[in-house]
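The values are calculated or read from the model by the stated rules, or taken from the named source; none is laboratory data. Because the structure is a prediction, the values reported are computed rather than measured. Because the Cβ atoms are built from the backbone with ideal geometry, glycine has one as well, and the counts that use them run over all protein chains shown. Surface accessibility is based on the protein's heavy atoms, side chains included, excluding ligands, DNA and RNA. Shrake-Rupley method; radii C 1.70, N 1.55, O 1.52, S 1.80 Å.
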Amino acid sequence: MDKFADKPIALPEGIDMEKHVVATYWVQSDRTMDMALMGQILAIEQTTGTWVPVPGETPEVRAKHVAKVIGVYEAPFYEYGLPEDVKARQYIVQIAFPAANVEDQLPMLLTATIGNISLVPNFKLLDLRMPRETLEGYQGPAFGIDGWYEALGIEKNRPLLNNMIKPCSGYPLEVGCKLFREVAMGGCDVVKDDELIANMKYNDAVERVKKYMEIERQVYEETGEHTLYTVNVTDRLPRMFDLAKRCIDAGANAMMVNYLAVGPEAMRALAEDPEINVPILAHMDLAGAYFMSPYQGISSPVIFGKIARLCGADGIVIPFSLGGKGIYMHERFMAAIRNLTYPFGDLKPTLPMPSGGITPANVPDCINNLGIEIMIGSGGGIHAHPQGPAAGARAFRQAIDAALKGIPLDQYGREHEELGMALGIWQKKTEFKI
């Protein structure tokens, strides 16, 4: 056995990167801590050992299964000693976890890379580098970006428009039917349930599917445009899977799940089920509990990007970073978009759906930053249009047309009443009031 094989530290060139998941962390410690040593303690804690030596943790076991610290980078990188005023030190630490420890299991991937060590203060998982063989154990999105356009029967020459029915919850089926018809007639490609309504006694999900799909047929006959309805099948387990299949039997042409609330592996089970033969939209509620602290948790590009893609999201609702409610840094937003759309093994790309306070005034920013293969999501920006939801949807479609033609919105709005009225109300600023 290589004399270094059982050591919890290595040079990057000394390990087989295609047999390890590499986790990158931000760590802050006091001035006295040796982070290379602490990293090794964490590597052992998350793989083969515990807080004291145990007989079963043999050199042979460690050689096959211990994680290894492969990088400790302090910034600033002091060389001749610490200045007296330095109280805390900041590091980027990389730990390589044997892929054999996690295989194709998403829960074990998260448990290994951020499980118990999530309790370490000032410690945040920034990224995961996945080996190709591990990625091959994931199906990923069954439909991906192309699948949304194919389901609608349209070319990939413009962004899709999504409307989430508002109010968020509490409304009877008759109200939902009226709103669905209006926004579909106005040109929404996709209509989704809000994340706060699923299969409720006051509004049954299967009945929604039946009614909305009949309206979809009628609207298509009038307009020639299809509408996808992402029914929210979020539910307790295993009941969610039965609900999803009943919705399919009722004619559902898409669905949605609150993927972090039910768990990424539950979402993955839906995506990999051959009976669920429709695109699945992942909703990101609960994500802030993972990433909002700058000092703890899992970074948003991992939660929104790589985890969502691994668990098979064909599309994902993601906080909008330009205007809107302004809660999310643009740099993080763009990193998440890259994780959703750039090559990631052989997994299909996931369609990003920027959302949160978006109005027609934000459309050019969306397209200029993200391109046309996106789904623009708006709730209040459609439903609150003074002329009603159908006009609100038309205003968005007009804004999309203007942006694609390179015509300034205010100029286009002078010739298109619905857009002009929307711009007169919102411009780019969205007030969020309770």
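Quick notes
- Qualifying position, being open to solvent by 40 Å² or more (accessible area, probe 1.4 Å), under 16 Å from the mean Cα position of the chain (by Cα) and of a type in the set (A, V, I, L, M, F, W, C), among 281, 310, 286, 347: 286
- Qualifying positions in the stretch 370-413 - of a type in the set (A, V, I, L, M) and in a helix (DSSP H, G or I): 370, 382, 390, 391, 393, 395, 399, 400, 402, 403, 404, 409
One line per residue, one yes/no per condition, for (1) at pLDDT 95 or above; (2) assigned to a loop (DSSP other than H, G, I, E, B); (3) of a type outside the set (A, V, I, L, M, F, W, C); (4) under 21 Å from the mean Cα position of the chain (by Cα):
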{"position": "79", "(1), (2), (3), (4)": "no, yes, yes, no"}
{"position": "86", "(1), (2), (3), (4)": "no, yes, no, no"}
{"position": "89", "(1), (2), (3), (4)": "yes, no, yes, no"}
{"position": "94", "(1), (2), (3), (4)": "yes, no, yes, no"}
{"position": "109", "(1), (2), (3), (4)": "yes, no, no, yes"}
{"position": "113", "(1), (2), (3), (4)": "yes, no, yes, yes"}
{"position": "117", "(1), (2), (3), (4)": "no, no, no, no"}
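- Among residues of the stretch 127-152, those that are at pLDDT below 95 and within 30 Å of residue 206 (Cα to Cα), counted: 0
- Spans of strands (runs of 3 or more DSSP E) in the stretch 237-305 with at least 3 residues out of contact with any helix residue (DSSP H, G or I) (no Cβ under 6 Å at 6 or more places or on another chain): 254-258
- Within the option set 43, 23, 36, being assigned to a helix (DSSP H, G or I), within 28 Å of the chain's Cα centre (by Cα) and within 27 Å of residue 291 (Cα to Cα) holds for one residue only, 43.
- Some residue of the stretch 11-18 being open to solvent by 40 Å² or more (accessible area, probe 1.4 Å), under 30 Å from residue 140 (Cα atoms) and under 28 Å from the mean Cα position of the chain (by Cα): yes
- Put simply, of 68, 124 the only residue that is under 16 Å from residue 290 (Cα atoms) and at pLDDT 95 or above is 124.
- Pairs where the first residue, in the stretch 33-49, is without any contact (Cβ under 8 Å) to a residue 60 or more places away in the chain and on the phi > 0 side of the Ramachandran plot and the second is in a loop (DSSP other than H, G, I, E, B) and of a type in the set (D, E, K, R), C-beta under 7 Å, 6+ apart: none
- Cβ pairs under 6 Å, 6+ apart, first in the stretch 194-214 and within 18 Å of residue 285 (Cα to Cα), second among the acidic types (Asp, Glu) and surrounded by fewer than 18 Cβ atoms within 10 Å (Cβ to Cβ): 195/285
- Single residue of 155, 174 found to be among the acidic types (Asp, Glu), at pLDDT 95 or above and either touching an Asp or Glu at 6+ places or on another chain (Cβ under 8 Å) or not in a loop (DSSP other than H, G, I, E, B) (or both): 174
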